[in-house]
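All remarks here apply to the structure that follows.
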Amino acid sequence: MTNRQNVIWWTSRGLIGLGAAAALVYFIAIPTWDTIDYVFFEQPQSEVLEDLTIAEQIRIRGMEFFTATWFAALGAVVASYLNVIAYRMPIGKTVFAKDSACPSCGSRIRMADNIPIIGWLRLRGECRDCQEPISVRYPLVEFVGAAIFLTLYIVEVLSGAENIPNTTRYFYRGALWIVWYTKWDVIGLYFYHCLLLSSLLTFALLGIDRHRVPWFAFTTAVVFGLVPPQIWTHLNPIAPIPGDVFAELFPFEPQRLSGVCGLLAGMILGGAIDLSINRLLRRPSWESLCGLGVAGTFLGWQATLAIASALCSVLIIILAARVMWKPTFTIPANGCLCFVTLVFLCSWSWLLKSYGSLWP
Ligand SMILES: [Zn+2]
């Protein structure tokens, strides 16, 4: 075994061990302790989980755990597909159908080796046929995808979309009440935002390889952002202008124009960033115009202003770091945008509550 394979072997065994230990604590230790604590030390409370036996608690925790795992796995699968898109689109190959193949020898990758993250660890980072190393970038991107879907699941789905302003508030929340007794408005918002973050992740992957965002990718993402809120207007929670002003001008709900206003705002702000900071960072042309344009389409112009200003600060810090340390690697502007957007989505309601009087 080579040194690289050794590292991968021990890392994967270590991860499995850690996972098993965490599961043991989560399923057995915590419910047991809760029950002991409840029986011997605490006064009876009205919390639902407190009244359950250990077996029932384990069952509920199991359900919560597998639901969360399912969403994380979905993120890894989506990211694995985005990897393929970002690799094939710039070289003009079709992004649909066709099995994945080894980039070095072109041999087909077997089903079992194609499982996100796990497949790469099983192969110890080498192609089964030609033994050429497979870039660690693939499992890393899949891990990032899983992390994004899981974070948004915890913040948006489990809370019943409490992070999103102007949404219905549910009294009962959590995996059981939002996912299994499905609240479609929350699930819709979740997948709409996952679609946005997946588009930005694809743009980021293209940016790492210093490719421009293809026109086709940009327009597809914009259409994905514009169409669903025309059917389900709750996907755009904030109207572009106050409702009473709007009602005198147009005969339909103001949210329907949210996407177009956001797209314009995002393209203008992104274009300005491209011509200033991104030029100094030597990024491919119109990187932020595409990224912020898509973010604006999904979230409206008010959110785009907040995201653009946060993005500016991050890019200026990166620029300062580059001037000081002259690193060899680059961070794509849309990678930063994807991260900033995720943070924004997680704190949207809270931001509006705190700064609503200052912000439109
Ligand atoms: Zn190969």
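Quick notes
- Mean separation of Cα contacts under 8 Å (6+ apart) over length of the chain, as relative contact order %: 15 percent
- Of the GluC sites (Glu not before Pro) in region 91-177, those whose Cβ has at most 15 other Cβ within 10 Å and which sit in DSSP loop: none
- Label sites at L264 and W184, each approximated as a point 7 angstrom past Cα along Cα to Cβ, lie 3.3 nm apart.
- By the compact-protein rule of thumb, 2.2 N^0.38 Å, the alpha-carbon radius of gyration of region 265-351 corresponds to a ratio of 1.05.
- Calculated mean residue ellipticity at 222 nm for the chain: -20000 deg cm²/dmol, from DSSP H runs with n ≥ 4 weighted as -39500 (n - 2.57), summed, divided by the residue count and rounded to 500.
- Extended-chain gain in nm, criterion 0.36 nm per residue less alpha-carbon gap, R322 and I28: 101.0 nm
- Distance histogram for region 53-358 (every C-alpha pair counted, 10 angstrom bins, percent rounded to whole numbers): 6, 24, 31, 24, 11, 3, 0
- Region 122-178: chymotrypsin sites (Phe, Trp or Tyr not before Pro) in DSSP loop, at most 12 other beta carbons within 10 Å: F171, Y172
- Per the Debye calculation on region 281-320 with a single equal scatterer at every Cα and no solvent contribution, log₁₀ I(q)/I(0) for q = 0.14, 0.24 Å⁻¹ amounts to -0.33, -0.83.
Bear in mind that the values in this text are calculations on the coordinates, not laboratory data. These numbers were taken from a predicted model, which means no experiment stands behind them. Neighbour counts are summed over all protein chains in view; Cβ atoms, including those assigned to glycine, are modelled from backbone coordinates with ideal geometry.
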